[in-house]
Amino acid sequence: MTKDELTFQTEVRQFIAEYLSPELVRAGKNMTSVFADYDCALQWHKILDAKGWAAPAWPAEFGGTDWTQNQHQIFQRELKLGNAPALMALGIQMLGPILIKYGTEQQKQEYLPRIRSGEDIWCQGYSEPGAGSDLASLATRAERDGDHYVVNGSKIWTSFAHRANKIFCLVRTSTEGRPQAGISFLLADMDTPGISLSEIIGLDGTVEQCQVFFSDARIPVANLLGEENQGWSVAKYLLEFERGGHNYSIDHQKLLAKARAIAGRQYAHNGVCYLDDAAFSDHLAALEIDAIALEFTEQRIKASDAPGSLTSVAKLAGTELSQKISALASDALGAHNAPLQRDALEVNYTDEVIGPDNAITTFAEYINMRAATIYGGSAEIQRNIIARAVLGLR
Amino acid sequence: MESSSAGNFNDEQQMLADSVAKYLTETYDFETRRAVANGDLLTPQPQWQQFADMGWLTLPFDERDGGFNGGPKELAIVFEAFGEHLVLEPYLETVVLAGTTIANGEEALKKRYLDGIMAGDIHAAFGHGEAEHSAERYYVATSAVQSADGWRLNGAKSVVANGPLADVVVVSARISGDVRSPQGIGLFAVERGAAGFTARDYVTVDGRRASEIILDQVDVGAEALISSARETLDQTLDLGCFAVCAEAVGAMQALLSATVEYCQQRRQFGQPIGSFQALQHRMVDMYIALELARSLLGATTDALANNSRHSERLISALKYRVDQSARAISYGALQLHGGIAMTDELNVGHYFKRLALIEKQFGSAQFHLQRFKQQPII
Ligand SMILES: Cc1cc2nc3c(=O)[nH]c(=O)nc-3n(C[C@H](O)[C@H](O)[C@H](O)COP(=O)(O)OP(=O)(O)OC[C@H]3O[C@@H](n4cnc5c(N)ncnc54)[C@H](O)[C@@H]3O)c2cc1C
């Protein structure tokens, strides 16, 4: 780290020490998926915004920062390892960059400040019951009627739709030509008449995804982002952020620390704790090696103007590694995976937990991590992309 | 992709297999199971009495005690079917673990509990694991000290499955030796109502029930000591281990079938996703993982039935293999189902959760690897 970077790190640490309350830390620690407690996430979002740090990756003219890549990396690492709750990121990390690239002046002015301040919470309506991996086959129809589109259809697996007041979605505006050619990118208010949702209970027993229904929902044509029938290019630009924008290596550090903490306390057999068991610790070491390899892969992506294929490599290797580490943590936790302790994940829970403190998150985290190779382009789709685009196999 | 693991059945075994399969197929669908999972923590599952009426609860007990005299093959038949239907009822705890242990006890003790267990009136549990030592087979810090007219027990047991319903809990307590000594561990029948017995009851991530149990100066009579032989503890834990492995094989079979069926029916890119070679190969690997586990289950069943000196080694081999296979199959099933796998509504994730907990029961992978290595080579 350079001297400037050290100064910056100190500044971030001081900020965290001052503003990240014990309750917010609890919300960060108790995360079992990419989402934290809603109220805490929002509270932290506002604190960051007041400092000008809610959307640091945006250009400074839109309220971002002019940090270097290393500063971004330091910032993210300090927040994550300091157990800050994750922000609801779809607006900041995904919609923001495309608004900046494709949005009209009016759209930028209308939406960007509200994303940055946390006033608007966005969800992403791409997938449909019939269109998952084959996203281009999506069938939600948007028909032009004067200044509005009349939208009919349904979106599924929409994360945090029940907490969002806005949705960005892909809709079909034409059935001519290639399926990709008739897709448009629309922004909508969740309280638009004709938009409704049903919550989906996840495997861990909580609600994070929803199905969103459009029934003659009238959405102003002014809410089109990019040109009509150009939605596919807009979305592809966005997918780059979904796949490459994430620092998996920081996740790995946190997951490894947790696995180690559990393995140092729980016994594998006859007086030998997991950390001291040869087979277990070899396995852990092998995963640490992969984590280092991935960290440097991410650095190469950041240093490159055209990361292209490495982005898919990072997403694939990064998610699969997260899954392996969380499985190892769950292994070491042994019998203490069993108690269902959803209450204990609430930030204001005060009773004693069953088993070690980290027992409350480990199993849910392990389960939820299985989704990381499904969303944002499944592992199989990523492999297809690498095979075709990188290795030239067809 | 059928052929049961237990190999050839005689007529009686075939009847048992048919009756269990028929009952579960007809009455234990996923919604029924969901209702069982959501049932009141302290109320026995409504199906339990039917299990008793069909005679299932007498299965492993001696004819002289009024049992069916079933062996490992019968147990495997029942547990495979339980796994396939994700049965939640505490058969493992009440009948296999507590029941067969109590069957080693004095007549008075058997009279008090065994008839009731077989009739479905008495519920039981087995409390052995302690805090961070649950994977250590012989770690017992809970103490048993001889008193004027019996024993006084002190200690704590964690994640005691079926604890909330159990009228009687068979707990391990140390009579002599170091906390990790395989010798000197007694198995005691303790009633939940006993003075000094407290339990924190909860549901588990796989829809079952368990308790954290504290024994604070609990006095039991002399007859409460069932056995202090290392063999009794080993046999009980190995039988439980064997039973959950059979259950896992049933669950893995169900997961593989569900996945193959789903991939034939789900279409993306204008074709069934099962037509993609990447997915075909993954399902083939799942199938291989299943069959390897099934083969070891069959071998272990035979070894146990013949009282072979290789049974211990085989049980560890089986458990280790089942853990590996369960992982390969449940990860594959989730991945190939895509987003829908991650919902509470679909049964696939529930199989995953059950298998994940089976992996963590009856000793860690490391324990079984160690024991396998230490046993004589066949
Ligand atoms: C936790 C979670 C959160 C999500 N959040 C959102 C969200 O906020 N917004 C949103 O729009 N969507 C979201 N999704 C949906 C996600 O993007 C889809 O689940 C994903 O695109 C896969 O689609 P699918 O579920 O329909 O599976 P399918 O496409 O049906 O895939 C099933 C299986 O087939 C495989 N497969 C498909 N095609 C091929 C092929 N050509 N070659 C080889 N294998 C193939 C897949 O890899 C997968 O293993 C979320 C999903 C999850 C699990």
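At a glance:
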| quantity | calculated |
| --- | --- |
| For peptides B:345-352, A:269-276, B:93-100, sequence by mean Cβ density within 10 Å, most packed first | B:93-100, B:345-352, A:269-276 |
| 14 Å beta-carbon shell around B:Gly150, net charge (K/R +1, D/E -1) | -4 |
| FRET efficiency for A:Lys302 and A:Glu18, using Cβ-Cβ distance with R0 set to 22 Å, rounded to 0.05 | 0.15 |
| Choice from B:Ile213, B:Ile273, B:Ile175 with maximal GNM fluctuation in chain B (Cα, 10 Å cutoff) | B:Ile273 |
| Around B:Asp238: net Lys/Arg minus Asp/Glu count, Cβ-Cβ under 14 Å | +3 |
| Set of the stretch A:187-228 residues, backbone N closer than 16 Å to the point 7 Å along the Cα-Cβ line of A:Glu176 | A:228 |
| Chain B: calculated mean residue ellipticity at 222 nm from DSSP helix runs of at least 4, using -39500 (n - 2.57) | -15500 deg cm²/dmol |
| Peptide B:132-142 - average C-beta neighbours from other chains (10 Å radius) | 5 |
| Inter-label distance, nm, simple model (7 Å from Cα along the C-beta direction), A:Ala286/B:Asp18 | 4.8 nm |
| Whole-number percent relative contact order across chain A, with pairs defined as alpha carbons under 8 Å at least 6 apart | 14 percent |
| Estimated inter-spin distance, B:Asp178 and B:Glu106, nm [label 7 Å along Cα→Cβ] | 3.3 nm |
| Alpha-carbon centroids, the stretch B:91-166 and the stretch A:101-120: separation in whole Å | 64 Å |
| ³J(HN,Hα), Karplus 6.51/-1.76/1.60, whole Hz, each residue of the stretch B:51-60, x for Gly, Pro | 4, 5, 4, 7, x, 5, 6, 8, 3, x |
| A:Val207 paired with B:Arg34, simple spin-label distance in nm, labels 7 Å along Cα-to-beta-carbon | 1.5 nm |
| The stretch A:299-333 residues near the modelled A:Asn70 label - backbone nitrogen below 15 Å, point 7 Å along Cα→Cβ | A:299-300, A:302-303 |
| Cleavage-rule hits, chymotrypsin sites (Phe, Trp or Tyr not before Pro), the stretch A:331-394, DSSP coil, Cβ neighbours within 10 Å at most 15 | A:Tyr349 |
| Unit charges on C-beta of K, R, D, E only; dipole of the stretch A:122-231, Debye | 80 debye |
| Mean separation of Cα contacts under 8 Å, 6 or more apart, over the residue count of the stretch B:204-339: relative contact order % | 29 percent |
| Residues B:Val284 and B:Lys373, FRET efficiency given R0 of 35 Å [Cβ-Cβ distance, rounded to 0.05] | 0.70 |
| Shielding by partners - mean other protein chain Cβ count within 10 Å, residues of A:335-347 | 6 |
| Long-range amide H partners of B:Leu59 with built H, under 5 Å | B:Phe68 |
| Most mobile listed residue (A:Ala278, A:Ala379, A:Ala364) in chain A, GNM with C-alpha springs under 10 Å | A:Ala278 |
| Pairs from A:Lys101/A:Lys166; A:Lys29/A:Lys258; A:Lys80/A:Lys258; B:Lys157/B:Lys360; A:Lys51/A:Lys302 whose Cα-Cα separation, in the structure shown, is over 21 Å | A:Lys51/A:Lys302 |
| FRET efficiency for B:Gln277 and A:Arg141, using Cβ-Cβ distance with R0 set to 51 Å, rounded to 0.05 | 0.90 |
| Neighbourhood charge, 14 Å Cβ-Cβ cut-off, centred on A:Ala139 and excluding it, Lys, Arg +1 and Asp, Glu -1 | +1 |
| Packing-based ranking, highest mean first, of A:212-218, B:193-199 given that Cβ atoms within 10 Å are counted | A:212-218, B:193-199 |
| Cα-centred dipole magnitude for chain B, charges only on beta-carbon of K, R (+1) and D, E (-1), debye, nearest 20 | 1240 debye |
| Rounded, prolate or oblate (a/c below 1.5 giving rounded, otherwise prolate when a/b exceeds b/c) for the protein assembly as shown by Cα gyration tensor | prolate |
| Karplus-derived HN-Hα couplings along the stretch B:17-26 (A = 6.51, B = -1.76, C = 1.60, θ = phi - 60°), whole Hz, x at Gly and Pro | 4, 5, 5, 5, 4, 5, 4, 5, 5, 7 |
| Neighbour-limited loop hits for GluC sites (Glu not before Pro), the stretch A:118-182 (at most 12 other Cβ within 10 Å; DSSP other than H, G, I, E, B) | A:Glu176 |
| Gain on full stretching of the segment that runs from B:Asp219 to B:Asn8 - 0.36 nm per residue minus C-alpha separation | 71.2 nm |
| Relative contact order (percent, whole number), the stretch B:301-378, Cα cutoff 8 Å, 6+ residue spacing | 42 percent |
| In the stretch A:307-382, the GluC sites (Glu not before Pro) that fall in loop regions by DSSP, at most 14 other Cβ within 10 Å | A:Glu346, A:Glu352 |
| Packing-based ranking, highest mean first, of B:115-121, A:309-315 given that Cβ atoms within 10 Å are counted | A:309-315, B:115-121 |
| Peptide B:210-220 - average C-beta neighbours from other chains (10 Å radius) | 1 |
| Under 5 Å, built H, 5+ apart or other chain: amide partners of A:Val207 | A:Gly202 |
| Placed amide H near B:Thr204: partners under 5 Å, 5+ positions off or other chain | A:Leu340, B:Arg209, B:Ala210 |
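Every number in this text was worked out from the coordinates using simple rules, so none of it is lab data. Here the structure is a predicted model, which is why all the values come from computation and not from measurement. Glycine gets a Cβ as well: all are built from the backbone with ideal geometry, and neighbour counts include every protein chain shown.
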